[in-house]
Structures are given as C-alpha cells and as structure tokens.
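The values are calculated or read from the model by the stated rules, or taken from the named source; none is laboratory data. Note that the coordinates shown come from a computational prediction; the quantities given were computed from them, not determined experimentally. For neighbour counting, all protein chains shown are included, and Cβ atoms are generated from backbone atoms with ideal geometry for every residue, glycine included.
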C-alpha cells in the first residue's frame with residue numbers, strides 16, 4: 001500500500017506541483033491549505049508523514065508541529081518534514097528542537113524533497129518494528145540503546161527522541177571512541193552529503209544530550225571534539 005502523505009501548504013501553485021510530483025512517485029497525497037485543517041485531518045485519519053510549511057495563514061508551522069508532538073489527539077511519532085521560506089536559521093533550529101525530523105529551505109528541487117521523504121519514512125518504518133534480540137541492544141553503563149525496538153533507556157526510563165535523532169545516536173554508539181565528523185554522520189544517517197553551512201547536526205546533538213546526559217552542558221556521553229566532530233564515549237557510568 002502506498003504511503004500516505006499530508007501536505008500542509010497554503011500556496012496552491014506549489015502545493016499542486018508537489019502533490020503531482022509525489023503522486024507520480026507512488027505516494028497518496030492529501031493537501032491542507034491551513035494549519036487548522038491539517039490538524040483536523042491528522043486527528044481523523046492516519047498519515048505516514050507530514051510535509052509542513054512554516055508560513056501558514058492561520059498559525060505557523062512551528063505551532064502545528066508543537067501540537068502534533070504534544071497533543072494526545074495526534075500520533076506523536078508521525079515524521080515531519082518542515083519547509084522553510086524564511087532565511088532565518090533560528091526558525092530551522094526551533095523547528096528541529098520542537099520535534100521536526102528534517103527541514104528543507106525554499107525553493108527546493110523536487111528530487112531532493114522526494115529523497116528526504118523517503119529517508120524519514122524509512123526511519124519511521126524502523127520505529128514501528130517489534131523489539132529486537134539481545135544482540136540489538138547496545139549497553140553503555142546506565143544507557144541502553146535498543147536498535148530492534150528503536151528505544152533508548154536511561155536508568156530504565158525511556159528517552160524521547162525523534163527518529164532522526166535515534167539514528168544519529170545509533171551511528172555514534174556503533175563507533176564508540178571514534179571521532180565522527182558532521183559530514184560523516186550525515187552520510188551514515190541520511191546517505192547524502194552535508195552542505196558546508198548546514199548545522200542541523202548540532203541541533204540534533206543538543207537534543208540528544210538533553211535526553212541522555214546528566215548535565216547537557218557538561219556532556220560525558222556525546223563529546224564535542226573541536227574542529228573535528230563528535231565522539232561517543234567508550235566508557236560510561
């Protein structure tokens with residue numbers, strides 16, 4: 001069955017082009033021209049992913065994202081790809097911090113949009129799988145990373161991360177003690193090159209630290225190596 005996508009976009013011309021392109025690629029696309037309509041649709045029926053414009057006529061995309069992640073009426077695990085027309089990098093940072101899985105600046109190439117949608121759907125599909133075997137669990141002291149169940153536990157309590165953040169943490173944890181550059185991490189997680197100005201990895205690392213570190217300002221699990229990248233500590237308490 002083809003994946004169902006909800007496109008929340010107020011520009012009818014762009015929405016039509018995106019809808020037609022994704023339909024040709026085999027997806028079922030439903031269009032909502034406002035944030036409130038998008039939320040109504042999400043409360044009524046399941047979607048495999050949401051493509052969400054930041055600038056909407058009734059509420060901005062950040063508010064839609066916040067509601068989708070925090071309101072019990074919605075499936076909080078639904079992947080979100082945010083479209084940003086504004087040039088302010090802070091919008092992208094805030095979007096990632098409140099739960100968007102990925103973002104794309106406008107204008108964009110349809111092929112890149114399709115590639116990013118495929119990537120977040122792959123991650124979401126992995127999240128829905130059953131729990132794995134003992135071999136699927138990476139243990140680092142009080143921290144457990146269950147790759148089969150796609151769960152992270154600290155002192156036995158679940159840590160809430162997005163699918164992208166989970167994959168990023170797994171990429172680090174599978175190479176303990178090894179410094180991984182931002183470019184290498186992007187390649188491991190997405191299979192595509194990181195643009196020189198793209199600092200989204202740093203935002204995701206910050207969110208990961210907020211979940212797994214005792215003190216996110218003094219990290220002991222995911223450590224920054226200035227000028228080189230990040231390293232996952234081999235020895236942890």
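Residue 119 satisfies every condition listed in (1) modelled with pLDDT under 85; (2) farther than 22 Å from residue 205 by Cβ; (3) touching a strand residue (DSSP E or B) at 6+ places or on another chain (Cβ under 8 Å) except (2). Test each condition in (1) under 26 Å from residue 204 (Cα atoms); (2) in contact (Cβ under 8 Å) with a residue 24 or more places away in the chain for residue 41 and report the one that comes out false. Unmet for residue 41, out of (1) under 26 Å from residue 204 (Cα atoms); (2) in contact (Cβ under 8 Å) with a residue 24 or more places away in the chain: (1). Report whether or not residue 208 is within 15 Å of the chain's Cα centre (by Cα) and at pLDDT 90 or above. So residue 208 fits the description; yes.
Scanning segment 144-180 for residues that are within 25 Å of residue 121 (Cα to Cα), touching a residue at least 24 places away in the same chain (Cβ under 8 Å) and in a loop (DSSP other than H, G, I, E, B) returns 150, 159, 160, 161, 162, 174, 175. In this structure, residue 139 does not qualify as surrounded by fewer than 21 Cβ atoms within 10 Å (Cβ to Cβ), modelled with pLDDT under 85 and either over 27 Å from residue 227 (Cα atoms) or within 13 Å of the chain's Cα centre (by Cα) (or both).
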